[in-house]
1. From the set of residues in the stretch 246-293 that are in contact (Cβ under 8 Å) with a residue 40 or more places away in the chain, in a loop (DSSP other than H, G, I, E, B) and surrounded by fewer than 22 Cβ atoms within 10 Å (Cβ to Cβ), which is farthest from the chain's Cα centre (by Cα)?
2. Given (1) in contact with a strand residue (DSSP E or B) (Cβ under 9 Å, 6 or more places away or on another chain); (2) within 16 Å of the ligand (Cβ to nearest atom); (3) not in a loop (DSSP other than H, G, I, E, B), identify the lone condition not met by residue 49.
3. Being surrounded by 24 or more Cβ atoms within 10 Å (Cβ to Cβ) and within 16 Å of the ligand (Cβ to nearest atom) is the filter here; which residues of the stretch 422-442 pass it?
4. Among (1) outside any loop (DSSP other than H, G, I, E, B); (2) within 16 Å of the ligand (Cβ to nearest atom); (3) modelled with pLDDT of 95 or more; (4) under 18 Å from residue 423 (Cβ atoms), there is one condition residue 37 misses while meeting the rest; what is its number?
5. Determine, yes or no, whether residue 229 is more than 22 Å from residue 44 (Cα to Cα) and either modelled with pLDDT under 95 or in contact with a strand residue (DSSP E or B) (Cβ under 8 Å, 6 or more places away or on another chain) (or both).
6. Just need a number here: residues in the stretch 55-105 that are surrounded by fewer than 19 Cβ atoms within 10 Å (Cβ to Cβ), in a loop (DSSP other than H, G, I, E, B), free of Cβ contacts under 8 Å to residues at least 40 places away in the same chain and in contact with a strand residue (DSSP E or B) (Cβ under 7 Å, 6 or more places away or on another chain).
7. (1) in a helix (DSSP H, G or I); (2) free of Cβ contacts under 8 Å to residues at least 24 places away in the same chain; (3) surrounded by fewer than 19 Cβ atoms within 10 Å (Cβ to Cβ): which one isn't true of residue 144, the others all being true?
8. Is it the case, given these coordinates, that residue 235 is without any contact (Cβ under 8 Å) to a residue 60 or more places away in the chain, surrounded by 16 or more Cβ atoms within 10 Å (Cβ to Cβ), within 13 Å of the ligand (Cβ to nearest atom) and not in a loop (DSSP other than H, G, I, E, B)?
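The values are calculated or read from the model by the stated rules, or taken from the named source; none is laboratory data. Just so we're clear, the structure is a prediction, and the values are computed from it rather than from any experiment. FYI the Cβ positions are ideal-geometry reconstructions off the backbone, even for glycines, and counts take in every protein chain you see.
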Ligand code: UD1
């Protein structure tokens, strides 16, 4: 079944409708060397929250530099079912929020994308009611919502769960002092989006400081919110009674940019990543430098950086931490790199407990990895050997594709709909850099393809 041909490729509705049926495979040619230029779009992890934040006011908001990925299609559909009109063309999203939107989300969409929970704060703050299905999302750990709920309760909402939904009500939220147990990205965003319309001052302490949070703060302030402390662990929000629609450019995707940097190092290539902000990847680029890469962050013609690598990389020890630490979303790529590096390394995962599950797939490619709790010990091997593997989430999928690029033969990476959630045109961009990567439309979920040659 070739579902890509039977629907409307490139349109939000077409992509969302395909979600269930697409079980495509990437056939990745090994012994690759990436060379050339790629351009990154706006960040998935920012644009989804900006889209949710449009619910804070009626009217039409424009979001530029939006990535053409499956998650944007899913969030578009979430908003449409709330009564919004969403258009996506040439990287620009136009979202028209009606005067009286629905406040109930659609379970069939929400359960596929955890970020849908971001509509909870805006809906209850602006419209006094939200009924949001409990989300699914990546298979990377328990990912609770307790801090989201506790924050909204402190702002005066009544929240309970019923039949798989979170239900929140409030006449008008009021300011509060909220301290997060952990700098959760999602909880910071939901509480922030609720606090901007609360009565009085809210202080949120121990917040996440990711560039995507800063992007959201800037977006909200443009809308008329009064938030101070951007980029620090304490955000102070003075509530306002209403906001206005705006136009905004999404922050560049540092995780996609970091993926290209890792790919350049692993394939001993030479890749210029345009449109990225090197400062958002300081820890990552420092480590790649320590592995032997030459990194140029002062390109004469605009934003971005260039990564060159001549030799086999040296292994790097990695500890994932909230920003500005090493991002957990680049941990699978770091393990893939360490799998072919000179020497042994330890990778420690401090954010998501289940994020090492994909290492079983890398082991199928010949990697030497031992997982013990939240540590993985990796012994570098000169070259991996191709085998059929399966993507279990977006970033694990990208990590497996990178491993396939440096394996002998052809590696089939199944379940690439995970990768489609976050990497716009991944196979086209890889091909443009000289890799041999093809998308194969798999007939069903269990298809692993013929033996590779
Ligand atoms: C976001 C990103 C994801 C990234 C992660 C950490 C999006 C769409 N996704 O996910 O790509 O890997 O940040 O940088 O932006 N937790 C709780 N209770 C809560 C909230 C979180 O226990 O109420 C735990 C989670 O289980 C997890 C940790 O906190 O172990 C971090 O989660 P969080 O920072 O909230 O990540 P997400 O917002 O889900």
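1. Looking at the filtered set, the residue picked out is 268.
2. (1)
3. 422, 423
4. Residue 37 satisfies every listed condition except (2).
5. yes
6. 0
7. Looking at each condition in turn, residue 144 falls short on (1).
8. Criteria not met by residue 235.
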